């Protein structure tokens, strides 16, 4: 843990002995009363925490002095055909580690319907996965997470247009003169490769299908919505790996890995 | 499974009922006697397998007609400070999925010594992880895997110089006039960023430290051996993710993602 993150409802009361943050502070970092640590509020600012006391029960009384901004978001949003639940957990963690703005999960025509019934989305597991990734990057902000029944519904709702870096509001900022690029990963019927795309871009929206990829109907819908269908290279990749490849190539082009 | 891979000692006898390849062929792909499937020999060629019979015991009698070359290797070798065993397994799988030539694991000065005692290296788990990744990419070749006690010993042995794409033998092939680049991922004291490196390269050797990164002594050793110390971007990444970022950026520059 590179930062200890708290939820807003956790302030003003001790951190229980059994909490993994308590054991990390006391047993891994060997902190004691009076010591400080890197701290942040989920969705808020960062700064310094201080251990005020370790109670007889093993609970930890702490104070927070926050006020520093989190690192900037990476202007990138992914829409992903539901992967297997175990892959989904890791994917959410890794995308939060990279700092992307948002992840949308959609049912796809060739995807396994049962994958949608993951408890990750109902038991707080998705949020825990995001926090695990954010903590690694000393970040306090989590990507947005939305779920759509189908690609078609997602394309109709256009959630990315509500998203910071896709807003079309040039205000003298040079970066706003660069386009937002819409890319659909497609190793079956690509029109080029993402690696070779050399359009300068300010932000990217990337669609990655499920294990079996897109149906032709979905390809047409994506094309109709302005998505470029680009390959991620010559090899078939696991969904999780394909998402990382697409996100990282786009991040490189946006300049988020400089 | 995008291809059914066999080990050399598995030909000429039926595939047991309990084998996951048997259940994949019969239960997932619904194949029956007379049907064919994509097949390959680990370390050898690819082609077509045929189910000759399904025995009463549930074992599967098959024949192989191989002769097609596997996809080309990606001219990339990684040396990685031992990650946590659970991360190591996934890392090996993902690097085999990407098609890299080799992975070397080294002890590092800031790394956790206990990570080296993973059973993955003694119970065949590493090979299974490689096969899982290769299968996804319809590949038959596995990366090489070598283990070194320390970065110093690895630098002394220079195993990459035994490796195909690092051999210095120009023979009229234009690609051989491009250099092989040596890169050490270093987010603490970088001299630039890998994303912005614009040297054309034919192959890359990438060193990624363990969770706590490199010691200054190791930085000096890497620099002395000709490694460029480059950042992977502004965010702290998990070891596994850092390896993927480094590998993918290098693959893009080599042209392996076109």
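Where a number appears in this text, it was derived from the coordinates with a stated rule and is not lab data. As the structure is a prediction and not an experimental result, all values here were calculated from the model. Note that we place each Cβ from the backbone using ideal geometry, even for glycine, and neighbour counts take in every protein chain shown.
Under a point spin-label approximation (7 Å from Cα along Cα-to-Cβ), what is the residue A:225-residue B:1 distance to one decimal in nm?
Modelled inter-label distance: 3.5 nm.
Ignoring everything except DSSP H segments at least 4 long, calculate the 222 nm mean residue ellipticity for chain A; use -39,500 (n - 2.57) per segment, divide by total residues, nearest 500.
Estimated from H runs of four or more residues: -7000 deg cm²/dmol.
According to a simple spin-label model (label point 7 Å from Cα along Cα-to-Cβ), what is the distance in nm between residue B:10 and residue B:178?
Each label point is offset 7 Å from its Cα along the Cβ direction, giving 3.5 nm.
Quick check on segment A:44-100: take the gyration tensor over C-alpha atoms, sort the square-rooted eigenvalues as a ≥ b ≥ c, and tell me if it's rounded (a/c under 1.5), prolate or oblate.
oblate
How far apart are the residue B:150 label points across copies, placing each 7 Å from Cα toward Cβ, in nm, shortest first?
6.3
Between 0 and 90 degrees, rounded to the nearest ten: what's the tilt of helix B:85-98 against the longest Cα principal axis of chain B?
That works out to roughly 80 degrees.
Can you tell me what share of the DSSP beta bridges in segment B:4-68 is antiparallel? A percent to the nearest 5 is fine.
Once the DSSP bridges in segment B:4-68 are tallied, antiparallel ones form about 80 percent.
Would you work out if segment A:1-75 is rounded, prolate or oblate? Take a ≥ b ≥ c from the square roots of the eigenvalues of the alpha-carbon gyration tensor; rounded if a/c is under 1.5, else prolate when a/b is larger than b/c, oblate otherwise.
Here segment A:1-75 falls in the prolate category.
Of all beta bridges DSSP finds with both residues in segment B:74-254, what is the antiparallel percent, to the nearest 5?
Of those bridges, close to 5 percent are antiparallel.
If r is the Cβ-Cβ distance from residue B:150 to residue B:123 and R0 is 22 Å, what FRET efficiency results, to the nearest 0.05?
0.35
Pull out a ≥ b ≥ c, the square roots of the eigenvalues of the alpha-carbon gyration tensor of the protein assembly as shown, then state rounded if a/c is under 1.5, prolate if not and a/b is larger than b/c, and oblate in the remaining case.
rounded
Contour minus end-to-end for residue A:30 and residue A:114, with contour as 0.36 nm per residue of separation and end-to-end as the Cα-Cα distance?
25.8 nm
Sorted from shortest, what are the nm distances separating the label point of residue B:33 from equivalent points in the other copies, each placed 7 Å from Cα along Cα to C-beta?
Those separations, rounded to one decimal, come out as 7.9 nm.
Given labels modelled 7 Å from the Cα in the Cβ direction, how far is it in nm from residue B:20 to residue B:217?
Placing both labels 7 Å beyond Cα along the Cβ direction yields 4.1 nm.
Across the residues of B:238-251, average count of Cβ atoms on other protein chains within 10 Å?
Counting other chains' Cβ atoms within 10 Å and averaging over B:238-251 gives 4.
Ignore the peptide's own chain and count Cβ atoms of other chains within 10 Å of each Cβ in A:134-143; give me the average, rounded.
2
Highest mean first, what order results for A:206-217, B:190-201 on Cβ atoms within 10 Å?
Ranking, from highest mean packing down: A:206-217, B:190-201.
Just tell me how shielded B:113-125 is by partners: mean number of partner chain Cβ atoms within 10 Å of each residue's Cβ, no decimals.
Counting other chains' Cβ atoms within 10 Å and averaging over B:113-125 gives 0.
What share of the DSSP beta bridges in segment B:26-168 is antiparallel, in percent to the nearest 5?
In segment B:26-168, DSSP labels about 55 percent of beta bridges as antiparallel.
Relative contact order of chain B: what whole-number percent is it, with Cα pairs under 8 angstrom and at least 6 residues apart?
So the answer I get is 19 percent.
Please give the helix A:239-254 orientation as an angle from the longest Cα principal axis of chain A, in degrees from 0 to 90, rounded to the nearest 10.
That helix lies at roughly 90 degrees to the long axis.
What does the copy distance list look like for residue A:61, label position 7 Å along Cα→Cβ, in nm and ordered from shortest?
Those separations, rounded to one decimal, come out as 7.9 nm.
Taking the convex hull of the Cα atoms, report for chain A its projected area averaged over all directions, in nm².
Hull-based average projected area comes out at 15.3 nm².
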